[in-house]
1. Taking only the range 77-87 into account, find how many residues are open to solvent by 40 Å² or more (accessible area, probe 1.4 Å), over 12 Å from Lys15 (Cβ atoms) and in contact (Cβ under 8 Å) with a residue 12 or more places away in the chain.
2. Return a yes/no flag: does the range 157-175 have any residue that is in contact with a helix residue (DSSP H, G or I) (Cβ under 8 Å, 6 or more places away or on another chain), touching a residue at least 40 places away in the same chain (Cβ under 8 Å) and of a type outside the set (Ser, Thr, Tyr).
3. For Gln89, only one of the following conditions fails: (1) modelled with pLDDT of 90 or more; (2) closer than 26 Å to Asp209 by Cα. What is its number?
4. Restricting to strands (runs of 3 or more DSSP E) lying wholly in the range 1-76: which have 3 or more residues that are of a type in the set (Val, Ile, Thr)?
5. What pairs come up if the first residue lies in the range 90-118 and is exposed (fewer than 14 other Cβ atoms within 10 Å of the Cβ), the second is of a type in the set (Gly, Ala, Ser) and assigned to a strand (DSSP E or B), and their beta carbons are under 6 Å apart, counting only those six or more places apart or on different chains?
6. Could you go through the range 136-151 and let me know if any residue there is modelled with pLDDT under 85, within 20 Å of the chain's Cα centre (by Cα), under 26 Å from Ala99 (Cβ atoms) and surrounded by 13 or more Cβ atoms within 10 Å (Cβ to Cβ).
Amino acid sequence: DFNLNCSINKFVFRKFEATGVKGMAVLDQGTLTVDPVTFGTASGKLSAQLVLAPISSTAYRMNCLANVQGIHIDNVFTEFENFGQTFIQDRHLKGVANASVQFRAVLTNTLELPSDKIESVIDLSIENGELNNLETLQEIADYLRNNKLVAPFVDEDRFAEKMRNVKFSKLENVIQIRNRMITIPLMDIRSTAMDISAKGTHTFDHAIDYAVGFNLRDLLVRKQKDLMEEDDGLGK
C-alpha cells in the first residue's frame, strides 16, 4: 500500500507525450486510485480520475472519468498511432476538441485491453475542424459519377474537388463505444462543401454502416435553370 504525490516534468511513451504531470495515487488493498491527475498533451490539457480494482487473479476493472480541453485532433491521432486503424488518420484531420469522457474496461495483468470489454461515452465538441483528402469522401463522388439517375444533374468533378478540403466551424455529438462498436447518433454538420446530416456505426473490425442526408441542390446541379425546387417539408 502507498500514497504517492507525484510531479513529472515530461512523460514519454512511444509517440505519446505528456508534460506537467501532477497527481495523487493511492494503492489500498490492491485497488489503485489516481485522483486527480492533470497533464498537458496534444497542445491541450487533460484532467482525470481513475480507479483500477482487481476482479480476479488475472484481471482488473478500470473506471475513468476525464475532461479534455483544447486538444488538437491531429496531434491526438499521431500520439496514439492512429488507434491502430487506417480508415481516418492524422493527415486527414485538423481541429480543436473539448470532451467529457466516461471510460470503463477490463485490464489484464499484462496491461492489455480486451476490445470486447471496452465501454465509453464521449461528449465531444470540435471547433475549426477540417477533413483533408479523405478517401471515403472522394468515393462519394465516384458513386455519383456511376449513378445513372443522379449523374446527369451533378458536376462530379467540381463536387470531388470541394470534398478534398471540408471545413466546419463546430461539430457536437455524444459518441458511444460498446460491444466492439462505435455508435455515432444523428448529427448536423455545416461545412464549406455542403450541409450534411449523418449517423452510423463503425465496428472495431472496420465494418461501417453510415447514413448521410443532404440537399440534392448542394450537389452542384449542372443546369440550375432546368431544375425547379419545391420544399415538401421533408428537407433532405
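1. Of the residues in the range 77-87, 1 are open to solvent by 40 Å² or more (accessible area, probe 1.4 Å), over 12 Å from Lys15 (Cβ atoms) and in contact (Cβ under 8 Å) with a residue 12 or more places away in the chain.
2. Within the range 157-175, one or more residues are in contact with a helix residue (DSSP H, G or I) (Cβ under 8 Å, 6 or more places away or on another chain), touching a residue at least 40 places away in the same chain (Cβ under 8 Å) and of a type outside the set (Ser, Thr, Tyr).
3. Tallying (1) modelled with pLDDT of 90 or more; (2) closer than 26 Å to Asp209 by Cα, Gln89 fails exactly one: (1).
4. 16-28, 31-41
5. Short answer, once both residue conditions are applied: Thr108/Ala59; Leu113/Ala105.
6. Scanning the range 136-151 turns up at least one residue that is modelled with pLDDT under 85, within 20 Å of the chain's Cα centre (by Cα), under 26 Å from Ala99 (Cβ atoms) and surrounded by 13 or more Cβ atoms within 10 Å (Cβ to Cβ).
The values are calculated or read from the model by the stated rules, or taken from the named source; none is laboratory data. It should be emphasised that the depicted structure is a prediction, and the values quoted were computed from it without experimental measurement. With ideal geometry, Cβ positions are generated from the backbone for all residues, glycine too; neighbour counts draw on all protein chains shown. These area figures cover heavy atoms from the full protein model, side chains too; ligands, DNA and RNA do not enter into them. Shrake-Rupley method; radii C 1.70, N 1.55, O 1.52, S 1.80 Å.
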